[in-house]
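Novice: Can you keep this structure in mind? I'll have questions shortly.
The values are calculated or read from the model by the stated rules, or taken from the named source; none is laboratory data. A quick note: this is a predicted structure, and the numbers were derived from the prediction, not measured. A quick note on method: Cβ atoms are made from the backbone with ideal geometry, for glycine too, and the neighbour counts reach across all protein chains shown. These accessible areas exclude ligands, DNA and RNA; they are computed on the full protein's heavy atoms, side chains included. Shrake-Rupley method; radii C 1.70, N 1.55, O 1.52, S 1.80 Å.
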Amino acid sequence: MYPTLLRIGSFRVDTYSVVWFIALAIAIHWSINRLSLYELDEDESRKIMAVSFFCMLLGARSYEYILHWRMYLNNPKLLLDLNRGGLHEFGAVMGAFLSAWVMSMFSRKVSFMKLCDVAAIPAMQAIAVGRWGCFLNGCCVGLRSNFFTAVHFPRDPAGVFRHPVQIYYSVIAALCVVFLLWVEKKIMPRQKKNYSPVIAPLALILYTLMRYVVTITRDRMSLSWLIMHTWTYKYITIALPLECLWLAFGLRKLKRA
């Protein structure tokens, strides 16, 4: 693994941050280019996306504090140490989603539903690219395994292999991007006649299932895994039925077009 990309004296640039920055930059650029596809006002949408990006980072970091609250409570100085801990997808999704929803409520030019459809596929792409940062950093490791995909992480003793959870996330997310683009291409002619949200709820369903399935292979020898798995299960119990209802509503409305 290559956790450090560049070191100049005491200054260190970690690979994790660089890869995720690239992933998010691509996602933002792609989202902006997709605004015209859904006939959204570009200026107003850019403002909402800028605030959502900040809230996404805030949510991603806040989730880190929640997972390891005891450590930060015992040593508050670590709150400002960005080299410790990482960014979490769940917090990022919730931060961006809620902030965009609130801002769209006060906008007459931007539909929240359309904005979600615009950002859904680039967001999945960000996961596909960004998870390689986790892999190169050697974090988010999986259970010990002799499966053919298992790899050795430097932090483990020689001969110990684990599930490359990070790569699982990346591959599944990339397949989701391809599938969502295919669905979007199929339904877009009808969307032009009678818009109905389909891509966003479908992406959320795929993301939810991906998180649950891949989390099963995460290393269980940590408190963060236990909290994450518990929260993921509760999230699925509550959110997945709502996401399915959202998708069913969108497909029903789309059939009328």
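Novice: Across region 29-56, which residue is nearest to the chain's Cα centre (by Cα) among those that are within 16 Å of ALA126 (Cβ to Cβ) and buried (at least 17 other Cβ atoms within 10 Å of the Cβ)?
Specialist: If we take residues in region 29-56 being within 16 Å of ALA126 (Cβ to Cβ) and buried (at least 17 other Cβ atoms within 10 Å of the Cβ), then MET56 is nearest to the chain's Cα centre (by Cα).
Novice: Tell me which residues, restricted to region 163-188, are without any contact (Cβ under 8 Å) to a residue 60 or more places away in the chain, farther than 19 Å from VAL129 by Cβ and hydrophobic (A, V, I, L, M, F, W, C).
Specialist: Correct list: TRP182, VAL183.
Novice: Let me ask something else about it. Within region 84-107, is even one residue within 23 Å of CYS176 (Cβ to Cβ), outside any helix (DSSP H, G or I) and open to solvent by less than 50 Å² (accessible area, probe 1.4 Å)?
Specialist: Within region 84-107 (the criterion being within 23 Å of CYS176 (Cβ to Cβ), outside any helix (DSSP H, G or I) and open to solvent by less than 50 Å² (accessible area, probe 1.4 Å)), the answer is yes, since at least one residue qualifies.
Novice: Inside region 161-179, can you point out the residues that are modelled with pLDDT under 95 and open to solvent by less than 20 Å² (accessible area, probe 1.4 Å)?
Specialist: PRO164, VAL165, GLN166, TYR169
Novice: Suppose the filter is at negative phi, among the β-branched types (Val, Ile, Thr), open to solvent by less than 10 Å² (accessible area, probe 1.4 Å) and touching a residue at least 12 places away in the same chain (Cβ under 8 Å); does VAL141 pass it?
Specialist: no
Novice: Among the numbered criteria (1) crowded, with 20+ Cβ neighbours inside 10 Å; (2) outside any loop (DSSP other than H, G, I, E, B); (3) more than 14 Å from the chain's Cα centre (by Cα), which single criterion is violated by VAL110?
Specialist: Exception for VAL110: condition (2).
Novice: Now a separate question. Restricting the first residue to region 26-53 and requiring it to be in contact (Cβ under 8 Å) with a residue 60 or more places away in the chain and part of a helix (DSSP H, G or I), which pairs with a second residue that is acidic (Asp, Glu) and surrounded by 15 or more Cβ atoms within 10 Å (Cβ to Cβ) meet a Cβ separation below 7 Å and a spacing of at least six or different chains?
Specialist: So the pair list comes out as TYR38/ASP117.
Novice: Turning to a different aspect of this structure: Scan (1) touching a helix residue (DSSP H, G or I) at 6+ places or on another chain (Cβ under 9 Å); (2) modelled with pLDDT of 80 or more; (3) hydrophobic (A, V, I, L, M, F, W, C); (4) open to solvent by 80 Å² or more (accessible area, probe 1.4 Å) for the single condition TRP182 breaks and write down its number.
Specialist: Tallying (1) touching a helix residue (DSSP H, G or I) at 6+ places or on another chain (Cβ under 9 Å); (2) modelled with pLDDT of 80 or more; (3) hydrophobic (A, V, I, L, M, F, W, C); (4) open to solvent by 80 Å² or more (accessible area, probe 1.4 Å), TRP182 fails exactly one: (1).
Novice: Could you go through region 9-25 and let me know if any residue there is touching a Gly at 6+ places or on another chain (Cβ under 8 Å), under 21 Å from GLY130 (Cβ atoms) and of a type in the set (Phe, Trp, Tyr).
Specialist: yes
Novice: Is it the case, given these coordinates, that ARG70 is closer than 18 Å to ALA25 by Cβ, open to solvent by 60 Å² or more (accessible area, probe 1.4 Å) and either assigned to a helix (DSSP H, G or I) or at pLDDT 70 or above (or both)?
Specialist: no
Novice: Something else about it: Go through region 129-162 and give me each residue that's assigned to a loop (DSSP other than H, G, I, E, B) and touching a Cys at 6+ places or on another chain (Cβ under 6 Å).
Specialist: CYS140 - this is the single residue of region 129-162 that is assigned to a loop (DSSP other than H, G, I, E, B) and touching a Cys at 6+ places or on another chain (Cβ under 6 Å).
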